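The values are calculated or read from the model by the stated rules, or taken from the named source; none is laboratory data. Not measured: the values here are computed from a predicted model. As a convention, Cβ positions derive from the backbone with ideal geometry for all residues, glycine included, and neighbour counts pool all protein chains shown.
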Amino acid sequence: MTVAATLPQAIDPLELYAAGIDTSDYVARVAPVVANLVPQIGNLLDIGAGGGQLGQALCQPENHWTAIEPSDAMRRRLTALARVPTILASGWETATPTSAGYDTVLAANIAAPLNDAQAFLARCRQWARRAIAWVVPAQAGPRGLCLAGCLPSAWHGEDETPGVDLVLKALGDHNAPDAIAKTTWTFTAIVNDIERLAAYLADRLGWPASDLRRSDMVAHLRQQARSTDRGYRLDVPRASAVLVWRQA
């Protein structure tokens, strides 16, 4: 079952993204790729678990699922799941899992591989017994601001280099993954109020209140959106690369 994302007065970017993942084909497209490269997930450490959509799909009921998640909003989502993981309320830099190790360490759509790939991989190696799996952006397009893919590049101004290219360059040959696979999917956001979403995006882009582009933003999003019985639907083509390291 999918529901429209109800946008509060102050939009939480993580909640906006997580609600979009709920209504996207992300899990259906990405989970099989991860499972193909790591057939036996076993006990799972899910770093930056977000709303838990991918971790829940990958971790079998008989195995233990631990989520590292610093966001209060995302931890509330995790505790509302039918299957609640063990939750560590911290970032990866300060997390201290009590287990002696996890069969698989998963990091999907978080900043660490893009910002500090080598240090993050070293930490993942400390925790993983069998495999490490990262899911990183692979589209030639924006990857920062949620829904930037709906906007002209002149507005969002982001580097459009595929994230996976930056990650692999930062890792170097000596830390290259053992396997890489890519898949495409569609980020689908369903929102109730186009004007509020447009104001949020304009604020995130740093546009002043008097900027005439704000009215253009509303018109642009209305043109991009499709009206459905659940709200306004915005679709953004995305691609992900799954990088896997197999532990000895």
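Kindly indicate whether any position in region 234-245 is at pLDDT 95 or above, of a type in the set (Ser, Thr, Tyr), surrounded by 14 or more Cβ atoms within 10 Å (Cβ to Cβ) and within 19 Å of residue 115 (Cβ to Cβ). Checking region 234-245: at least one residue is at pLDDT 95 or above, of a type in the set (Ser, Thr, Tyr), surrounded by 14 or more Cβ atoms within 10 Å (Cβ to Cβ) and within 19 Å of residue 115 (Cβ to Cβ). Screening 70, 61 for residues that are under 23 Å from residue 94 (Cβ atoms) and not aliphatic (A, V, I, L, M) leaves exactly one candidate, 70. Just wondering, is there one or more residues in region 155-172 that are at pLDDT 95 or above, over 22 Å from the mean Cα position of the chain (by Cα) and more than 29 Å from residue 28 (Cα to Cα)? Checked region 155-172: at least one residue is at pLDDT 95 or above, over 22 Å from the mean Cα position of the chain (by Cα) and more than 29 Å from residue 28 (Cα to Cα).
Within region 211-233, track down each residue that is among the small types (Gly, Ala, Ser), in contact with a Lys or Arg (Cβ under 8 Å, 6 or more places away or on another chain) and surrounded by fewer than 18 Cβ atoms within 10 Å (Cβ to Cβ).
Within region 211-233, 227 is the sole residue that qualifies.
Among 209, 219, which is modelled with pLDDT of 95 or more and among the aliphatic types (A, V, I, L, M)?
Working: 209 fails: modelled with pLDDT of 95 or more.
Unique residue meeting the criteria: 219.
Within region 14-71, the set of residues being among the polar types (S, T, N, Q), over 20 Å from residue 138 (Cβ atoms) and in a helix (DSSP H, G or I) comprises just one member, 56. Comparison of 197, 168 shows that the only residue that is within 25 Å of residue 18 (Cα to Cα) and buried (at least 19 other Cβ atoms within 10 Å of the Cβ) is 197. Restricting region 98-125 to residues that are part of a loop (DSSP other than H, G, I, E, B) and of a type outside the set (S, T, N, Q), the residue that is nearest to residue 14 (Cα to Cα) is 110. Restricting attention to region 143-181, the residues being closer than 24 Å to residue 202 by Cα and of a type in the set (A, V, I, L, M) number 5.
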